[in-house]
Amino acid sequence: MTPDELSLQLAELRPRLVRFARLQLRDDGAAEDAVQEALLAAVENARSFDGASAAATWVFAILKNKLIDEFRRRGRNPVIAADDEVALETLLEEQFDARGHWREPPPAWSDPGASLEQKRFWEVFEICISSLPERPARVFGMRELLGMETEEICKELGISASNCWVLLHRARLGLRDCLSRRWFGED
Amino acid sequence: MLSCKEATELISQGMDRRLSLAERMGLRLHLLICRGCRATDKHLDFLRRASAAWRQHHDLTSTQQGDSK
């Protein structure tokens, strides 16, 4: 692949890279910056690729490292829960009575697997992730969307394992709540 | 006996670390008798599957194009 072909190929990938970064960084400007840096790094360190898919895989790997850098940078800042995170915690606590039993047991979702085939489901899925508070969303994104191990996440963010589990738990129950309301139509 | 609150914490943690034998037994017993927690278990399992599908679709490093590392 010539440098020109590589540049063209990378330019075509750009929208996908931006979409990938945007859901995780929750900030369009930061997502554009991360993608820009990844593309620059890809061009500067251009080497020979067997084909288009090898170049795509490579630039995505660079972008993922950029995202982790950005998470690491942000991770040092908020040690305490923001207001929306406290609100989520309260919402989740209120699902249980004083003895820790469901006030109202969550109902089963009917045929969730079929949702994966529907375009509209993915819009709702992304909206629900975007509406999580910052810290749980970030840890959830690293765990489930980047596929990182919990130990790696703790190390990158400088938080304890138990803190990490608490944040993941809140993110998951928050997402469950959001999907129940906005997709599986409990209300 | 686990409360539902503790059981949901274990369901989530079971996705991130290996639960101890006692935890697994306690959770299994609880799930047998608790419909709400069984539903929660399924919900979280679905979230993981959906996330994996999202990743597969958006992240080209995780697609199988015959040239994965």
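The values are calculated or read from the model by the stated rules, or taken from the named source; none is laboratory data. Since the model is a prediction, treat every value here as computed from it, not as a measurement. Methodologically, a virtual Cβ is constructed for each residue, glycine included, from the backbone with ideal geometry; neighbour enumeration extends over all protein chains shown.
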Pairing a residue in the stretch A:86-104 that is in the same structural domain as residue A:134 (by TED's automatic domain parsing) with any residue that is loosely packed, with under 12 Cβ neighbours inside 10 Å, where Cβ atoms lie under 6 Å and the two sit 6 or more apart in sequence or on different chains, gives A:97/A:103
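Sort through A:132, A:168, A:173, A:179 and tell me the only one that's over 18 Å from residue B:39 (Cβ atoms) and either outside any loop (DSSP other than H, G, I, E, B) or among the charged types (D, E, K, R) (or both).
Answer to the check: A:168.
In the stretch A:149-187, what count of residues is obtained for those that are of a type outside the set (Ser, Thr, Tyr) and touching a residue at least 12 places away in the same chain (Cβ under 8 Å)? Before the answer, list the steps.
Going residue by residue through the stretch A:149-187, those that are of a type outside the set (Ser, Thr, Tyr) are A:149, A:151-159, A:161, A:163-179, A:181-187.
Now narrow it down to the ones that are touching a residue at least 12 places away in the same chain (Cβ under 8 Å): A:153, A:156-159, A:164-165, A:167-168, A:170-179, A:182-184, A:186.
Within the stretch A:149-187, residues that are of a type outside the set (Ser, Thr, Tyr) and touching a residue at least 12 places away in the same chain (Cβ under 8 Å) number 23.
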Of the candidates A:125, A:121, the one satisfying the condition of being of a type in the set (A, V, I, L, M, F, W, C) and buried (at least 21 other Cβ atoms within 10 Å of the Cβ) is A:125
Note on the stretch B:10-33: residues at the interface with chain A (Cβ under 8 Å from one of its Cβ atoms) and touching a Leu at 6+ places or on another chain (Cβ under 9 Å) are B:12, B:13, B:15, B:16
In the set B:68, B:12, B:62, the lone residue that is modelled with pLDDT under 95 and either in contact with a Lys or Arg (Cβ under 6 Å, 6 or more places away or on another chain) or buried (at least 19 other Cβ atoms within 10 Å of the Cβ) (or both) is B:62
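Among A:33, A:83, A:50, which is more than 14 Å from chain B (Cβ to nearest Cβ) and at pLDDT below 90?
Details: A:33 fails: at pLDDT below 90; A:50 fails: more than 14 Å from chain B (Cβ to nearest Cβ).
So the residue among A:33, A:83, A:50 that is more than 14 Å from chain B (Cβ to nearest Cβ) and at pLDDT below 90 is A:83.
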Any chance residue A:152 is closer than 21 Å to residue A:66 by Cβ, at the interface with chain B (Cβ under 8 Å from one of its Cβ atoms) and either out of contact with any Pro (no Cβ under 9 Å at 6 or more places or on another chain) or assigned to a helix (DSSP H, G or I) (or both): no
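Inside the stretch A:129-147, can you point out the residues that are closer than 16 Å to residue B:49 by Cα and either crowded, with 21+ Cβ neighbours inside 10 Å or among the aliphatic types (A, V, I, L, M) (or both)? So that I can check it myself, show each step before the final result.
Of the residues in the stretch A:129-147, the ones closer than 16 Å to residue B:49 by Cα are A:129, A:140-147.
Correct list: A:129, A:140, A:141, A:142, A:143, A:144, A:145, A:146.
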Counting only residues that are surrounded by fewer than 17 Cβ atoms within 10 Å (Cβ to Cβ) and part of a helix (DSSP H, G or I), the stretch A:31-48 contains a total of 8
